[in-house]
Amino acid sequence: MISLRTKYFIRDTICLLFVLLFIYASASKLMDFQHFKIELGQSPLLSAFADQFSVFVPVLEIIICVLLLIPRFKLVGLFAAYGLMVMFTAYIFIILHYTSFVPCSCGGVLGKMSWNAHLAFNVVFIFLGIAAILLSANFDKQDIRTSYRKSFIWIFSIAFSGTAAVIFLFICSERIMHYENPFIRRYPRHAAMFRNELDLKYNSYYFAGTSGGRIYLGNSTAPLQLFSVDKNLGNQKVDRIIFNGGKILFHRPTVRVQNHYFYLTDGTVPVIFRGSSKDWTLNKKFNGLPYFDQALPMDSSRIVLRSNKGNDLANILGVFDNDNGRLNYNERLLQKQLDGVFDTDGRLLYDETTQKIVYVYFYRNQFIAAGKDAELISRSRTIDTTSHARLKVSYVKNSTERKMSAPPYIVNAGAAVYGNLLFIHSKVRGKFQDETTWNQAFIIDVYDISRQAYIMSFPIYKIKDEKLKNIMATGDHLYAIIGNSLVVYDFKAILKKEMKSAE
């Protein structure tokens, strides 16, 4: 039979262990508060509440320590310590089994342990807390059964409510992060990993497309030449385009490759030629085209393009069908904010697997998805908060010519689409953004177009001080042209899982 003095000693020892744990944990958080807040921002459970919990958690740990050191409130402190450990344990269990990714550790004690080790560590302290609570019930000799019963009711009630609270936070945070994101990025580990780099020698290359497992690059200074590599940037090849279309004064010729066809486009003429990649000979001309500044093939006869045929020469999107010579504009796709030209500027994309047109605005946090006939499917927002283009536009030459009178505030610098996933190169730093990563890498944000949801972000590391010119996505890789270099990143399991779920 354990003496009352021994029971007091065991309970007080357990209380002291909790005090040491919480003092150390709270001090670790407060001494590197900004880092702790950044890590909470990466948490799958608490991302949306990082501001509040970065203060609440260490303050609560200190309050519990004070309660445990005051004899009168020691039992209250034990219940609070037990409840907090239950919540920490539920938090780790959900992260390990129910979240889309497992973040890095959270510093302090956890920073020295794996997630599974910390789960076991928490469980030990939960049982220590239960033991101390039951020992406290032993001190009431008048009605020990009633004390035990009340203690067990409190133990189970706290465990249930604590677990339910964590589950509720998880559900709320996930919804907020995916659909109402307060500009917090998530960086799952190893979403995309660097694979290879190729020196292109010149900075005049651009992505022309893919065909037969090869990546094709056009060259703005040699428009009739195509450079291609395999998916791992090996097996280099140069093809020369044969053009027999007569004397045409090209100004900005661009080559696009899709499946077994390739296209030579120049919206300043305007003209589009098509040929087969079997012999790289242009033998088909599209007639009846308007002037355009962006054009992408949808299939062998249909082209989606951006023109300036809208009111006041504003940008407008349309689909041209060469088989019947019809051009179908949709004036409602691009929404004017200032002038209809600079404020609607953006990147035109097309995904042949989903037959969706995607348009990403450069200067505001928006992108649109349209069907193959240019009918609107959805308007979505990126996680940035810039909803209105920050531009200064001046009118010259009797108010007929427009120019930017100040450098624009770029939100989305580039984009690529594959299936229902949209990859956007963002130029704006988010909340709780790690400064080191921001300075060393270009940030790619990933969105699910169908769900209109933010998925995750990953870095593409910089090469010296070169700029990221453009990106292109396939089912397995993300390709990027950085200065004179072509780089390839492998999509890992967590990102491929999102691709499959989006299908």
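The values are calculated or read from the model by the stated rules, or taken from the named source; none is laboratory data. Note that the structure is predicted; figures quoted are calculated from it, not measured. Positions of Cβ are backbone-derived with ideal geometry, glycine not excepted, and every protein chain shown enters the neighbour counts. The area values use the complete protein model at the heavy-atom level, side chains included, leaving out ligands, DNA and RNA. Shrake-Rupley method; radii C 1.70, N 1.55, O 1.52, S 1.80 Å.
Here is how the numbers come out for the structure above:
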item	result
Extension gain (nm, one decimal) between residue 220 and residue 440, 0.36 nm per residue minus Cα-Cα	76.3 nm
Whole-percent carbon and sulfur share, accessible surface of the chain, 1.4 Å	55
0 to 90° range, to nearest 10: angle between helix 4-31 axis and the chain longest Cα axis	30
Mean separation of Cα contacts under 8 Å (6+ apart) over length of region 31-77, as relative contact order %	22
Cleavage-rule hits (trypsin sites (Lys or Arg not before Pro)) in region 234-263: DSSP loop, at most 16 neighbouring Cβ within 10 angstrom	247
CD proxy at 222 nm, helix term only [per DSSP H run n ≥ 4: -39500 (n - 2.57); per residue of the chain; nearest 500]	-11000 deg cm²/dmol
Amide N proximity, region 61-91 versus residue 52 label position 7 Å along Cα-to-Cβ, cut-off under 12 Å	none
For region 225-282: relative contact order, % (alpha-carbon pairs under 8 angstrom, 6 or more apart)	27
Part-to-part distance (alpha-carbon centres) for region 297-372 and region 161-177, which is given in Å	40
At R0 = 30 Å, FRET efficiency that the Cβ-Cβ distance of residue 269 and residue 372 yields, to 0.05	0.75
Residue 164/residue 115 FRET efficiency (R0 22 Å; Cβ-Cβ; nearest 0.05)	0.50
Square roots of five times the Cα gyration tensor eigenvalues for region 142-244, Å	65, 15, 11
Compactness index (Cα Rg / 2.2 N^0.38 Å), the chain	1.28
Coil-residue trypsin sites (Lys or Arg not before Pro) of region 178-225, DSSP, other Cβ within 10 Å capped at 14	189, 201
Fully extended contour minus Cα-Cα distance, from residue 62 to residue 467, at 0.36 nm per residue	141.1 nm
Label-point gap, in nm, between residue 236 and residue 154 - each point 7 angstrom along Cα→Cβ	7.4
Region 28-64 versus region 430-479: alpha-carbon centroid distance in Å	26
Stretchable slack from residue 493 to residue 146, in nm (0.36 nm times residue separation minus alpha-carbon distance)	119.5 nm
Beta bridges by DSSP in the chain, antiparallel share as percent, to the nearest 5	95
Distance in nm between pseudo-label sites at residue 12 and residue 283 (7 Å out along the Cβ direction from Cα)	9.7
Pair residue 193, residue 172: separation of 7 Å Cα→Cβ label points (nm)	3.7
Where Cα atoms sit under 26 Å apart: lysine pairs in region 317-455 separated by 8 or more or lying on different chains	11
Where trypsin sites (Lys or Arg not before Pro) fall in DSSP loop in region 421-503, at most 11 other Cβ within 10 Å	464
Residue-normalised accessible area of the chain, given per residue in Å² at a 1.4 Å probe	49
Angstrom value of the Kirkwood radius, inverse mean 1/r, which spans all Cα pairs in region 402-502	14.6
